[in-house]
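Structure, as structure tokens:
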Amino acid sequence: MKQSDYLKVLKLAKRTLEESQNWGEDELYKAPVKNISLPVQPQATELKNNNKLSVEELKNKVLNCKDCALGKTRLNAVFGEGSSSAEIMFVGEGPGFDEDHQGRPFIGKAGQFLTNLIELMGYSRDSVYIANIVKCHPMKDPSNPELRGNDRPPTDLEVSECSKYLEAQIAAINPKVIITLGKPSARYFLKTDMAMGAIRGQFRDYNGIKLMPTYHPSYLIRNGCVFGKKDQGQEVTKLKKEVWTDLKKVMDYLKTGKI
């Protein structure tokens, strides 16, 4: 390893240790050690029309999809990104302004926050998989995609139209754990309108895959959570510890196979 690379590793380890203490840890959490290898060929999956698709074929289908109104007004479809053999799959609600413009999931402020959480767990964005329920940006005014703050929740019909792609993604990637981000994502999987505080932190089963609901990064940001900052107040500290508890449960499960 080059000296410059070694220094980068040390710097990241120091940052992770300091940040883990901010999130309620007294020592660096030891995530499962991963062997670096080439991505394996994803399992074939199928949509309702019985066409078996690889992840790449599925992505091409999403990029050309016009099945609902969102596909006709988007700038870019946002399929998802990460390892096709990921153990962890993060699922949010839908793309926003930044994602629509760049065609990548979670790249704005919430995306950077999510990236920090992933690294705090001992992973990288490339080693997990990140996706949304709907693949196109739901806008209040579809005629003005250059307007920030033009976001809206997807309708039930839009979710229904797009869910076939999400289910095909899950089947192809076959993660060990799905982490839902925010209430809309949890509601899709759990079919409940219960508050996040009541459902977060508890493992569920979803078609043989463990599912862990937790808060959306945007919610954490709105409530004052900041990386690299200590003493943010009692309520923020409580919220950060709740999220870290959720993520630690996932890490423990992947490490031991036990809940």
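Please turn the phi angles of segment 124-132 into ³J(HN,Hα) values with the Karplus equation 6.51 cos²θ - 1.76 cosθ + 1.60 (θ = phi - 60°), one per residue in order, whole Hz, x for glycine and proline.
10, 4, 5, 9, 10, 10, 10, 8, 10
With a ≥ b ≥ c the root eigenvalues of the C-alpha gyration tensor of segment 57-147, is it rounded (a/c under 1.5), prolate (a/b larger than b/c) or oblate? Show your work: numbers first, answer last.
Values: a/c = 2.87, a/b = 1.57, b/c = 1.84.
It comes out oblate by the Cα gyration axes.
Would you mind ranking PHE113, PHE90 so that the residue whose beta carbon has the fewest other beta carbons within 10 Å leads the list? Mind showing how you got there, number by number?
Details: PHE113 19, PHE90 27.
Ascending Cβ contact count within 10 Å gives the list PHE113, PHE90.
Using 0.36 nm per residue, how much length does the chain from VAL236 to LYS66 gain when fully extended, once their Cα-Cα distance is taken away?
Working: separation 170, 0.36 × 170 = 61.20 nm, distance 4.15 nm.
Between VAL236 and LYS66, full extension yields 57.0 nm more.
Can you sort HIS137, HIS216 so the residue with the fewest Cβ neighbours within 10 Å comes first? Can you show the working numbers first?
Numbers: HIS137 27, HIS216 21.
Exposure proxy ranking, most exposed first: HIS216, HIS137.
Can you tell me how segment 139-184 classifies by the Cα gyration tensor, rounded, prolate or oblate, using a/c under 1.5 as the rounded cut?
On the way: a/c = 2.60, a/b = 2.07, b/c = 1.25.
Cα axes put segment 139-184 in the prolate bin.
With the contact rule set at Cα under 8 Å and sequence spacing of 6 or more, what percent relative contact order holds for segment 65-256? Please list the in-between numbers first.
Details: 310 pairs, mean separation 43.5, N = 192.
Relative contact order, segment 65-256: 23 percent.
With a 10 Å radius around each residue's Cβ, average the other Cβ atoms per peptide and rank 146-159, 178-191, highest first.
Working: 146-159: 13.4, 178-191: 20.9.
Ranked from most to least packed, the peptides come out as 178-191, 146-159.
Provide ARG74, ARG204 in ascending order of the number of other Cβ atoms located within 10 Å of each residue's Cβ, fewest first. List each step's numbers first, then the result.
Working: ARG74 23, ARG204 15.
With the sparsest Cβ surroundings first, the list reads ARG204, ARG74.
GLU146 to ASN207: FRET efficiency via 1/(1 + (r/R0)^6), r the Cβ-Cβ distance, R0 30 Å, to the nearest 0.05? Before the final figure, lay out the partial values.
On the way: r = 39 Å, r/R0 = 1.30.
Once rounded, the FRET efficiency stands at 0.15.
Bear in mind that the values in this text are calculations on the coordinates, not laboratory data. Predicted, not measured: the structure shown is a model, and the values here were computed from it. Ideal geometry is used to build each Cβ from the backbone, glycine not excepted, and the neighbour counts take in all protein chains shown.
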